[in-house]
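Q: Have a look at this one.
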Amino acid sequence: MQRPTFDELFALLSAASLSSSDLSRLREWIASIRDPSECIALIEAAAAGRPCPRCGSLRQHRCGSASGLQRFRCLGCGRTFNALTGTPLARLRKRERWLPYLQCVLESRTVRDAAQAVGVHRTTSFRWRHRFIRGAMRHRPARLGAVVEADETYRLESQKGARNLQRPPRQRGGVAARRGISGEQDCLLVARDRNGQTLDFHTGHGQVTAAQLHEHLLPVLPMDVLLISDGAAAYRSFARTAGITHEAVNASAGQRARGAIHIQNVNSWHSRFKTWLVRFKGVASRYLIHYSGWQRLLDARQLHTPALWLCAAVRQT
Ligand SMILES: [Zn+2]
């Protein structure tokens, strides 16, 4: 189907009889549209001076433009690229709606709600949500501070949206077949220092292991860290092999804190996450890390405008 021109659309719209709800929808939509050049200027500024995303060379020259973005040719590998090449935002269209859409992300609006607010299809809304989150969640501290609380939260594994279910389906709002933490649960490991810097890791199914703690935590802990956890054996074993100072609070024995030795900051992060997650009515396991990353960014309040979120999603790490 050929796309109508603006004049044709305008003629159609003028001829239509609009109800007051049509009018308010139209007004919301028009108010949400931004000049695409605003978005492009932010993207170009965030990516300024970036090396070639393929070979890392800084030697490049300008080579025309494509869909509004400056194109560069790399003198190292000869390929062309623009500010979005290699980022999760590459090849997404309708840039005039990105900033309004990001406002919906900041407001934690549902896929359907955000789609209606900015006038895109629900599948576009879903795709954008996950691309914008995947881009921005690379905005995370490289290393935590001297005192770190770590704890896991478990969620029943979900294959929501999967075409081929790998197991018999559960009833809606299903429960695990086995009690306690089993391979049916996704493990989300969260480490938070006393300055509020937070890192999240989806370690896989089942109880976290010492090897997983080694893999995820060791690179982000400072040498002289004091690690605080609950009494799970995996932390003790990890700390011993890694040569890390470790204190455990024995929650099962009713102990919650010994002075500054507690995991209340990380536990309250978990409870904020779970409360926030309710609105999405179940999230697929494969996207769990996106949702925790999304909540981590909202909770940290650093990317508190659409422009800041966009720049974080564009920037190379
Ligand atoms: Zn190159």
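The values are calculated or read from the model by the stated rules, or taken from the named source; none is laboratory data. None of these values were measured; they are calculated from a predicted model. Positions of Cβ are generated from backbone atoms using ideal geometry, with glycine treated the same way; all protein chains shown enter the neighbour counts. Surface areas here come from the heavy atoms of the whole protein model, side chains and all, with no ligands, DNA or RNA. Shrake-Rupley method; radii C 1.70, N 1.55, O 1.52, S 1.80 Å.
Q: Enumerate the amide H contacts of Gly204 below 5 Å, restricted to partners 5 or more residues apart or on another chain; note that Pro and chain-start residues carry no placed amide H.
A: Cys187
Q: Give, as ranges by residue number, the residues of region 9-53 whose backbone N falls under 11 Å from the point 7 Å along Cα→Cβ of His121.
A: none
Q: Taking the alpha-carbon centroid of each part, what is the distance from region 210-248 to region 1-22 in angstrom?
A: So the separation of the two Cα centres works out to 62 Å.
Q: Can you tell me the orientation of helix 36-47 relative to the chain, as the angle in degrees between its alpha-carbon axis and the longest Cα principal axis, to the nearest 10?
A: In the chain, helix 36-47 runs at an angle near 40 degrees to the longest axis.
Q: About its Cα centre, what dipole magnitude does the chain give when the only charges are +1 on Lys and Arg Cβ and -1 on Asp and Glu Cβ, stated in debye to the nearest 20?
A: It comes to approximately 820 debye.
Q: What value does region 1-154 have for Rg/Rh, both radii from Cα atoms and Rh as Kirkwood defines it?
A: Taking Rg over the Kirkwood Rh, I get 1.08.
Q: With axes computed from alpha carbons, what is the tilt in degrees of helix 20-32 against the longest principal axis of the chain, rounded to the nearest 10 within 0 to 90?
A: Around 80 degrees separate the two axes.
Q: Once the convex hull of the alpha carbons of the chain is built, what does its volume come to per residue, in cubic angstrom?
A: Details: hull volume 63.6 nm³, N = 317.
Per-residue hull volume (Cα only) is 201 Å³.
Q: Take the alpha carbon gyration tensor of region 194-276, find the square roots of its eigenvalues, order them as a ≥ b ≥ c, and report rounded if a/c is under 1.5; if not, report prolate when a/b exceeds b/c, else oblate.
A: rounded
Q: I'd like the distance separating the alpha-carbon centroids of region 98-147 and region 260-317, in whole Å.
A: What the calculation gives is 11 Å, centre to centre.
Q: Just to verify a number: FRET efficiency for Ala260 and Ala284, C-beta to C-beta distance, R0 = 35 Å, to 0.05? Present the calculation step by step, with values, prior to reporting the outcome.
A: Numbers: r = 38 Å, r/R0 = 1.09.
In this case the efficiency is close to 0.40.
Q: Around Asp151, under 12 Å between beta carbons, what's the net of Lys plus Arg minus Asp minus Glu among the other residues? Display every interim value, and only then the final one.
A: Numbers: positive: Arg192; negative: Glu149, Glu152, Asp200, Asp230.
Spelling it out: positives minus negatives among the neighbours equals -3.
Q: What accessible area per residue, rounded to a whole number of Å², is obtained for the chain using a probe radius of 1.4 Å?
A: Normalised by residue count, the accessible surface of the chain is 56 Å².
Q: Could you tell me which trypsin sites (Lys or Arg not before Pro) in region 18-70 are loop residues by DSSP with no more than 13 other beta carbons within 10 angstrom of their beta carbon? All intermediate terms of the calculation are to be shown ahead of the outcome.
A: Working: sites: Arg25, Arg27, Arg34, Arg54, Arg59, Arg62; in loops: Arg34, Arg54, Arg59.
Those satisfying the criteria are Arg59.
Q: I've got another one for you. Per the 1.4 Å probe, what fraction of the accessible area of region 201-317, in percent, lies on carbon and sulfur atoms?
A: 53
Q: Another question, then. Expressed as an acute angle from 0 to 90° and rounded to the nearest 10, what is the orientation of the C-alpha long axis of helix 122-136 relative to the principal long axis of the chain?
A: Taking the Cα atoms of the chain, the angle to 122-136 is about 60 degrees.
Q: Would you work out if region 69-149 is rounded, prolate or oblate? Take a ≥ b ≥ c from the square roots of the eigenvalues of the alpha-carbon gyration tensor; rounded if a/c is under 1.5, else prolate when a/b is larger than b/c, oblate otherwise.
A: It is oblate, given that a/c is not under 1.5 and a/b is not larger than b/c.
Q: So how far apart, in nm, are the two label points at Asn195 and Ser19 if each is 7 Å from Cα heading toward Cβ?
A: Between Asn195 and Ser19, the simple spin-label model gives 5.5 nm.
Q: Assuming R0 = 45 Å, what is the FRET efficiency of Arg79 and Gln302, from their Cβ-Cβ distance, to the nearest 0.05?
A: According to the calculation, E is roughly 0.85.
Q: For Glu8 and His205, calculate 0.36 nm times their separation in residues minus their Cα-Cα distance, and state this gained length in nm to one decimal.
A: Values: separation 197, 0.36 × 197 = 70.92 nm, distance 5.48 nm.
So the extension gain works out to 65.4 nm.
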